[in-house]
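The values are calculated or read from the model by the stated rules, or taken from the named source; none is laboratory data. Being a predicted model, the structure only gives us computed values, none of them experimental. All Cβ positions, glycine included, derive from the backbone under ideal geometry; neighbour counts span all protein chains shown. To get the accessible areas, we keep the full protein, side chains included, count just its heavy atoms, and leave off ligands, DNA and RNA. Shrake-Rupley method; radii C 1.70, N 1.55, O 1.52, S 1.80 Å.
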Amino acid sequence: VAGRALDKFTKVTHRTPMISLADVFDRQEVVAWTTRMRKVLPNVSDEYLCDIKMDGLACSLVYQDGVLAQAVTRGDSRIGEDVTANVRTIANVPLRLRGNEEFTHFLQGRTEIRGEIVIFKGDFATLNEAREKAGEALFKNPRNLAAGTIRQLDSRLVAERPLQFIGYDIIRDNLEDTPTIAFGYRAMQELGIVTSRQTKVVYGIDEIIDYIDHLGEIRSELAFNTDGAVIKLNDRAQFTRLGTVGKTPRAAVAYKFAAEEATTIVKDIVISIGRTGA
């Protein structure tokens, strides 16, 4: 896909910032979030789209007239790095969007797909097994490996790693092209972009919590790691109207599961004395 290795990555300014989401940890905080939205926009919809929160590296794919033109990492949310050569090696990233009659307008002009670059748990285990047999150091976790891989200057090395791109949003200059977040997911799937397949449109707090509880039950069976769920107001126009507060959007939050706990044994304590006796 690419010839020689890059000397460095080029900085790219995101046309729309890839801002992070505020975290919530229980039902009470979800209720407080919806209450805050209602204060800003009294007629706000009670329809939400829930999706799994993937543990990977956020990346933006820019398609011009249906052809992949640029791939940019999230970076500091406003400025990322151009990793196009590396992303082109990811097998499930289409170099040209697939069109059909309903979504043909997405093949005209600029279409931006946002998602996470991840490594599936099974692929990670296979990779580490091979490294162990070869006497090489094992990788720590799929998230760090995905992030480290996509920032390799030599795309030939990237091509050897089992990276996957999972889309979670589609952005067009015309807001009416994607009237709801759920419509955007359907558009991505029709255009050839892989999504988590864990999305669900829900109504009200009870259905949000039911989704989160179900996700907590099946999370260990999923192909990729997750630490929670993303909850977004489904209406795109209202989502945009609600704007941001600080560095986070008002109309979306990330529900974080409690950290997993385990019992361990301290086998030894090593005391080291510094030059000054500290």
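Taking the simple approach of a point 7 Å from Cα along Cα-to-Cβ for both Ala278 and Phe183, what is their distance in nm?
About 6.0 nm separates the two model spin labels.
Limiting things to C-alpha atoms, what are the Rg and the maximum Cα-Cα separation (Dmax) for segment 42-97, in angstroms?
Rg then Dmax for segment 42-97, in Å: 15.1, 46.
In whole Hz and in residue order, list the ³J(HN,Hα) couplings for segment 51-61 that follow from phi through the Karplus curve 6.51 cos²θ - 1.76 cosθ + 1.60, θ = phi - 60°; x for Gly and Pro.
Using θ = phi - 60°, the values come out as 9, 6, 8, 7, 9, x, 10, 5, 8, 10, 10 Hz.
Where the accessible area of segment 114-253 is counted over protein heavy atoms with a 1.4 Å probe, how much of it, in %, is carbon and sulfur?
48
Show me the ranking of peptides 132-142, 81-91 by mean Cβ neighbours inside 10 Å, starting with the highest.
Per-residue mean Cβ counts within 10 Å order the peptides as 81-91, 132-142.
Tell me, in nm to one decimal, what length is gained between Thr126 and Asn100 on full extension, where the rule is 0.36 nm per residue of separation less the Cα-Cα distance?
Here the answer is 5.7 nm.
When the solvent-accessible surface of protein heavy atoms is calculated with a 1.4 angstrom probe, in what order do Tyr203, Tyr63 fall, highest first?
Tyr203, Tyr63
Tell me what the chain gives for mean residue ellipticity at 222 nm when only DSSP H runs of n ≥ 4 count, each as -39,500 (n - 2.57), the sum divided by the residue total, rounded to 500 deg cm²/dmol.
Calculated mean residue ellipticity at 222 nm is -8000 deg cm²/dmol.
First select every other residue whose beta carbon is under 10 angstrom from the beta carbon of Gly75; then total the charges, Lys and Arg +1, Asp and Glu -1.
+1
Can you list the HN-Hα couplings for segment 139-149, worked out from phi with the Karplus curve (6.51, -1.76, 1.60; θ = phi - 60°), rounded to whole Hz and with x for Gly and Pro?
For segment 139-149, the Karplus curve yields 6, 6, 7, x, 5, 5, 5, 4, 5, x, 5 Hz.
Between segment 181-250 and segment 75-98, what is the separation of their alpha carbon centroids in Å?
That distance is 22 Å.
Assuming a strict under-14 Å limit between Cα atoms, what lysine pair count do you get for the chain once near-sequence pairs (fewer than 8 apart, same chain) are dropped?
5
At q = 0.13 Å⁻¹, what log₁₀ I(q)/I(0) does the chain have when each alpha carbon counts as one equal point scatterer in the Debye sum?
-0.95
Send over the semi-axes of segment 100-241's equivalent ellipsoid, whole angstrom and largest first, taken as the square roots of 5 times the C-alpha gyration tensor eigenvalues.
For segment 100-241, the ellipsoid semi-axes come out as 33, 22, 11 Å.
So which residue, out of Ala254, Ala32, Ala262, gets the largest mean-square fluctuation from a GNM of the chain using Cα contacts under 10 Å as springs?
Ala262
Per 0.36 nm of contour for each residue apart, how much would the distance between Ile19 and Asp154 grow if the chain were fully extended, relative to their Cα-Cα spacing?
Separation in residues times 0.36 nm, less the Cα-Cα distance, equals 45.8 nm.
Which percent of the accessible area of segment 4-78 is formed by carbon and sulfur heavy atoms (probe 1.4 angstrom)?
49
Would you grab the residues whose amide H sits under 5 Å from the one on Met54? Only those 5+ places off in sequence or on another chain, please, with H modelled 1.01 Å from N.
none
Expected output is a single nm value to one decimal: the length gained when fully extending between Ala258 and Ala134, i.e. 0.36 nm times separation in residues minus the C-alpha distance. What is it?
Additional length available on full extension: 41.0 nm.
For a quick check of your reading of the filter: which trypsin sites (Lys or Arg not before Pro) in segment 149-244 sit in a DSSP loop and have no more than 14 other Cβ atoms within 10 Å?
Of the trypsin sites (Lys or Arg not before Pro), the ones in loops of segment 149-244 whose Cβ has at most 14 other Cβ atoms within 10 Å are Arg151, Arg197.
For segment 229-241, take each phi angle, set θ = phi - 60°, evaluate the Karplus expression 6.51 cos²θ - 1.76 cosθ + 1.60, and give the result in whole Hz per residue in order, putting x for glycine and proline.
Here the 3J(HN,Hα) series is 10, 10, 10, 10, 4, 6, 6, 5, 5, 5, 4, 5, 5 Hz.
State in Å² the accessible area per residue of the chain; use a 1.4 Å probe, count heavy atoms of protein chains only, and round to the nearest integer.
Per residue, the chain has an accessible area of 54 Å².
What is the calculated FRET efficiency for Gln28 to Ser220, with r their C-beta to C-beta distance and R₀ = 22 Å, to the nearest 0.05?
0.25
Where does the charge balance sit around Gln238 when Lys and Arg score +1, Asp and Glu -1, over other residues with C-beta under 15 Å from its C-beta?
Taking every Cβ under 15 Å from that of Gln238, the sum is +3.
What nm distance separates the two modelled labels at Lys39 and Asp173, each placed 7 Å from Cα along Cα→Cβ?
3.8
Hey, can you grab everything whose amide H is under 5 Å from the amide H of Ile170? Only 5+ residues off in sequence or another chain; H modelled, so Pro and N-termini drop out.
Placed amide hydrogens put Arg114 under 5 Å from Ile170.
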